[in-house]
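K.L.:
Submitted below is the structure of interest, expressed as structure tokens.
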Amino acid sequence: MSAPASAATARGRRRHVLDLDDFSTQEIDEILDTAVSMKEVLGRAIKQVPTLRGKTIVNMFFEDSTRTRISFELAGKALSANVVNFTARGSSVEKGESLIDTVRTLQALGADMLVMRHSESGAPYLVAQHFHGSVINAGDGRHAHPTQALLDLFTVRQRLGRIEGLKVVIVGDILHSRVARSNLWGFTRMGASVTLCAPQTLIGPESFWKATWPDLTITSNLDECIMGADVVMTLRLQKERMEGGLIPSLREYSRFFALTAERVARAAPHCLVMHPGPMNEGVEIMPDVAVSTQSVIEEQVANGVAVRMALLYRLSGE
Ligand code: CP
């Protein structure tokens, strides 16, 4: 999906964050550097700076979320913005108000930035064409989850000191995963070598992926591709997006694709275990692996606040 013509302001500053496909290596590096400073703010006794005082951020969630919604709320508040949480349930959307009319209403109420999650791929792109401020995609359908990818990049860079040259394995329900797609843009742009691992039915045709990322490795053999990996990221089996019949059974899926301690032992000794959450423990990841010393799953969640602060700050132009 291409960014709207208004993706940048007249001064060349980024206006929207819709996916990572239009981010350069330099811009990603700058955001990760800014997130380091934001993390320092979050480590203080008083975790708040006045940077966005007077700005209004609306968290507009049309689909469930715990991590993304709360971390955007904490990020906005840590920057002293007015943060308003909008959920479709209980709003005039239930009376039939359209997405565009909802956006115009929020604009009339003074929103400067919209953070938006929607079950329809592309919905934030449509909103970006109608809203005068900035739009941040907090996850749209199967398409993109750019802020998750940025916090994943940040976590890896903080832990391993670099991204370039790393072997990154993304395993699981790739077909339905917006996290996989945005991480593909992010990790490949930053010079990592990415392997996608899934049953054939949960990845689709190899030619589809290779058309955009020709250097990708695609496989259904986790035991083999995990060998020597620096990062292994497992994805949730998205039962709500499956049209049925894509895997024989959960037990069969786990047998070949779950992250077990034995499998992780085949990776590099420093290998990071990642999961964007929410997890189906016992399906794509075993409970002992999720809390092992190699797991950075809780760190990913915590880093989400600093990375989202960095984005809000940069989009505000302050
Ligand atoms: N990773 C992620 O998007 O989690 P939530 O659905 O809880 O926001």
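The values are calculated or read from the model by the stated rules, or taken from the named source; none is laboratory data. Note that the coordinates shown come from a computational prediction; the quantities given were computed from them, not determined experimentally. Quick reminder, even Gly has a Cβ in these numbers, built from the backbone with ideal geometry, and neighbours come from all protein chains shown. These accessible areas exclude ligands, DNA and RNA; they are computed on the full protein's heavy atoms, side chains included. Shrake-Rupley method; radii C 1.70, N 1.55, O 1.52, S 1.80 Å.
K.L.:
Rank 57, 291, 136 by how far each Cα sits towards the positive end of the charge dipole of the chain (+1 on Lys, Arg Cβ; -1 on Asp, Glu Cβ) and give me just the farthest.
P.N.:
Ranked along the dipole, the leading option is 57.
K.L.:
For the stretch 294-311, in order, what is each residue's ³J(HN,Hα) by Karplus, 6.51 cos²θ - 1.76 cosθ + 1.60 with θ = phi - 60°, in whole Hz (x at glycine and Pro)?
P.N.:
7, 6, 10, 5, 6, 5, 4, 4, 4, 5, x, 5, 5, 5, 6, 4, 4, 5
K.L.:
Using only Cα atoms, locate the centre of the stretch 223-287 and the centre of the stretch 51-74, then give the distance between them in Å, rounded to an integer.
P.N.:
29 Å
K.L.:
Who wins for biggest fluctuation among 266, 44, 13 in a Gaussian network model of the chain, springs between alpha carbons below 10 Å?
P.N.:
Highest fluctuation among the options: 44.
K.L.:
Give me, ordered by chain and number, the residues 5 or more places off residue 233 or on other chains with an amide H under 5 Å from its own placed amide H.
P.N.:
169, 170, 171, 274
K.L.:
Kindly express, to the nearest 10 degrees and within the range 0 to 90, the angle between helix 25-42's C-alpha long axis and the longest C-alpha principal axis of the chain.
P.N.:
80 degrees
K.L.:
To test your reading of the geometry: what angle, between 0 and 90 degrees and rounded to tens, separates the Cα axis of helix 67-78 from the longest principal axis of the chain?
P.N.:
Helix 67-78 and the main axis of the chain meet at about 40 degrees.
K.L.:
Determine the order of 270, 145 by accessible area, beginning with the largest, at a probe radius of 1.4 Å.
P.N.:
Listed by decreasing accessible area, they come as 270, 145.
K.L.:
Which residues among the stretch 61-80 fall inside the zone where the amide N is under 11 Å from a point 7 Å beyond the Cα of residue 53, along Cα→Cβ?
P.N.:
Only 80 fall inside the zone, counting backbone N under 11 Å.
K.L.:
Here is a follow-up. Tally Lys/Arg at +1 and Asp/Glu at -1 over every other residue whose Cβ is under 9 Å from the Cβ of residue 55; what's the total?
P.N.:
That works out to -1.
K.L.:
Please give the per residue accessible area of the stretch 48-129, computed with a probe of 1.4 Å over protein heavy atoms only, in Å². It would help to have the intermediate numbers written out before the result.
P.N.:
Details: 3840 Å² over 82 residues.
Here the per-residue accessible area is 47 Å².
K.L.:
Here is a follow-up. If you put +1 on each Lys and Arg Cβ and -1 on each Asp and Glu Cβ, how big is the dipole of the chain around its Cα centre, in Debye rounded to 20?
P.N.:
Values: 34 positive and 35 negative charges, 158 e Å.
Charge dipole of the chain: 760 debye, to the nearest 20.
K.L.:
Taking R0 as 41 Å, what's the FRET efficiency between residue 132 and residue 206 from their Cβ-Cβ distance, rounded to 0.05?
P.N.:
Working from the Cβ atoms, E equals 0.45.
K.L.:
Can you tell me which lysines have their Cα less than 25 Å from the Cα of residue 47? Leave out same-chain residues fewer than eight positions away.
P.N.:
39, 55, 77
K.L.:
Given H placed on each backbone N at 1.01 Å, which residues far from residue 17 in sequence or on other chains put an amide H within less than 5 Å of it?
P.N.:
Here 135, 136, 137 satisfy the definition.
K.L.:
Using R₀ = 35 Å, calculate the FRET efficiency as 1/(1 + (r/R₀)^6) where r is the Cβ-Cβ separation of residue 265 and residue 119; round to 0.05.
P.N.:
0.40
K.L.:
Please give the solvent-accessible surface of residue 46 in Å², to the nearest 10, using a probe radius of 1.4 Å with every protein chain present.
P.N.:
130 Å²
K.L.:
With the cut-off at 1.5 for a/c, could you classify the stretch 229-318 from its C-alpha gyration tensor as rounded, prolate or oblate? Could the numbers behind the result be given before it?
P.N.:
On the way: a/c = 2.93, a/b = 1.48, b/c = 1.98.
Oblate is the answer for the stretch 229-318, as a/c is 1.5 or above yet b/c matches or exceeds a/b.
K.L.:
Charges at C-beta only: +1 for Lys and Arg, -1 for Asp and Glu. How large is the resulting dipole of the stretch 38-168 about its Cα centre, in Debye rounded to 20?
P.N.:
620 debye
K.L.:
May I ask for the angle, rounded to the nearest 10°, between helix 178-189 and the longest principal axis of the chain, with both axes built from Cα atoms and the value confined to 0 to 90°?
P.N.:
80 degrees
K.L.:
Another one. How far is it, in nm, from the label point at residue 26 to the one at residue 249 when both lie 7 Å from their Cα along the line to the Cβ?
P.N.:
Reported label-point gap for residue 26 and residue 249 is 5.6 nm.
K.L.:
If you don't mind, there's one more thing I want to ask. Calculate the dipole size of the stretch 146-296 relative to its Cα centre from +1 charges on Lys and Arg beta carbons and -1 charges on Asp and Glu beta carbons; express the result in debye to the nearest 20.
P.N.:
The calculated dipole for the stretch 146-296 is roughly 320 debye.
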